[in-house]
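Since the structure comes first, as structure tokens, the remarks are kept for the end.
The values are calculated or read from the model by the stated rules, or taken from the named source; none is laboratory data. Quick caveat, the model's predicted, so the values are computed rather than measured. Neighbour counts are summed over all protein chains in view; Cβ atoms, including those assigned to glycine, are modelled from backbone coordinates with ideal geometry. Please note that ligands, DNA and RNA were not included when accessible areas were found on the heavy atoms of the full protein model with its side chains. Shrake-Rupley method; radii C 1.70, N 1.55, O 1.52, S 1.80 Å.
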Amino acid sequence: MLLSGGIDSATCLFSLKDEYDVRALTFEYHDIARREVDSAKAIGARAGVTEHRLFRLPDLREAEDIPGGRFGDLPPTYIPLRNAIFYSVAASYSEEKRVSLIVGGHNRDDAEVFRDVGGKFFESLERTLWLGSSILKRQKTMIRIPLSRKTKAQVVKLAASLKVPFELTWSCHRLGTEHCWECAGCLSRIESFKEAGVSDPLHP
Ligand SMILES: [Zn+2]
């Protein structure tokens, strides 16, 4: 599964870990917060994943880091065609390890902002991957986004019930060593915990 340091993918992982032999894949793109990668590693270790692979994409940048980039209303953290790239790499890893399920932790709120996290996109990508790989087709490798109908607040509620280690997660978009509690990622985290009625061990 695709694992970031965030709550969504951690929730996915904790919902799967007792039932599946899970391999985690984390992308280190340009200027990703060190703390986000460290969080992903800590979450993967806590869940006892079979393997945690870090895949480096140092030239892949977020919109705000692309000089002269023009991406309209998309947020500064937008990465052009991010999921077409990430899920293709995950599919390559699946071929190598003979994995039949690729899982990502996108929620309903994400799908309202990003075109490449919707069900139609993943269905189409799955078909494309089967066309391009006889191994993936034979083993019927599927892409599943189990949180796609949940809001961020509903994910936080589910995470609490699964005992996701919130203290290991990372939601900040900045490069600091602690959450700034001011950026869009932090503000969304505060709002989701509040709405879910769950206390956040990281929020002072
Ligand atoms: Zn922040």
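Restricting to DSSP loop positions (anything but H, G, I, E, B) with no more than 15 other Cβ atoms inside 10 Å of their own Cβ, which trypsin sites (Lys or Arg not before Pro) remain in the range 67-128?
Numbers: sites: ARG70, ARG82, LYS97, ARG98, ARG108, ARG115, LYS120, ARG127; in loops: ARG70, ARG98.
Hits after loop and neighbour filter: ARG70, ARG98.
Under a GNM of the chain (C-alpha, springs under 10 Å), which listed residue has the highest mean-square fluctuation: ILE43, ILE66, ILE102?
ILE66
Of GLY176, GLY68, GLY185, which is the most mobile in a GNM of the chain whose springs link Cα atoms less than 10 angstrom apart?
Checking each option, the largest mean-square fluctuation is seen for GLY68.
Rounding to the nearest 20 debye, state how big the charge dipole of the chain is about its Cα centre with +1 on each Lys and Arg Cβ and -1 on each Asp and Glu Cβ. Let's see the in-between values first.
Working: 29 positive and 28 negative charges, 148 e Å.
Its charge dipole is roughly 720 debye.
Keeping every protein chain in place, order THR26, THR177 by accessible area at 1.4 Å, biggest value first, i.e. largest first. The partial results should precede the final answer.
On the way: THR26 5, THR177 100 Å².
Descending accessible area places them as THR177, THR26.
What is the sum of charges, Lys and Arg at +1 and Asp and Glu at -1, for the other residues whose Cβ falls under 12 Å from the Cβ of GLY44?
Values: positive: LYS17, ARG23, LYS41, ARG46, ARG53; negative: ASP38, GLU51.
Counting the neighbours of GLY44, the net charge comes to +3.
Net charge around TYR78, counting only other residues with Cβ within less than 13 Å of its Cβ (Lys, Arg = +1; Asp, Glu = -1)?
Working: positive: ARG61, ARG70, ARG82, ARG115; negative: GLU62, GLU64, ASP65, ASP73, ASP110, ASP116.
Value of the local net charge: -2.
Name the residue, out of CYS172, CYS183, CYS12, whose mean-square fluctuation peaks in a Gaussian network model built on the chain with Cα pairs under 10 Å.
CYS183
I need two numbers for the chain: Rg to one decimal and Dmax as a whole number, Cα atoms only, in Å.
Cα-based Rg and Dmax for the chain come out at 16.4, 51 Å.
Which order do TRP170, TRP130 take when ranked by solvent-accessible area (1.4 Å probe, heavy atoms of all protein chains), largest first? Walk me through the numbers on the way to the answer.
Values: TRP170 5, TRP130 75 Å².
Largest accessible area first, the residues go TRP130, TRP170.
Return the whole-Å distance between the Cα centroid of the range 39-63 and the Cα centroid of the range 160-179.
14
Add -39500 (n - 2.57) for each DSSP H run of 4 or more in the chain, then divide by its residues: what number comes out at 222 nm, to the nearest 500 deg cm²/dmol? It would help to have the intermediate numbers written out before the result.
Numbers: 8 runs with 88 residues, N = 204.
After summing the helix terms and dividing by residue count, I get -13000 deg cm²/dmol.
Counting only heavy atoms of protein chains, what accessible area per residue, in Å², does the chain have with a probe of 1.4 Å? Could the numbers behind the result be given before it?
Values: 11000 Å² over 204 residues.
I get 54 Å² per residue for this part.
Using +1 at the C-beta of Lys and Arg and -1 at the C-beta of Asp and Glu, which of PHE71, SER94, PHE121 has the Cα lying farthest in the positive direction of the dipole of the chain?
Looking along the dipole axis, the top candidate is SER94.
Ignoring ligands, DNA and RNA, what percent of the accessible area of the range 151-192 is carbon or sulfur (1.4 Å)?
56
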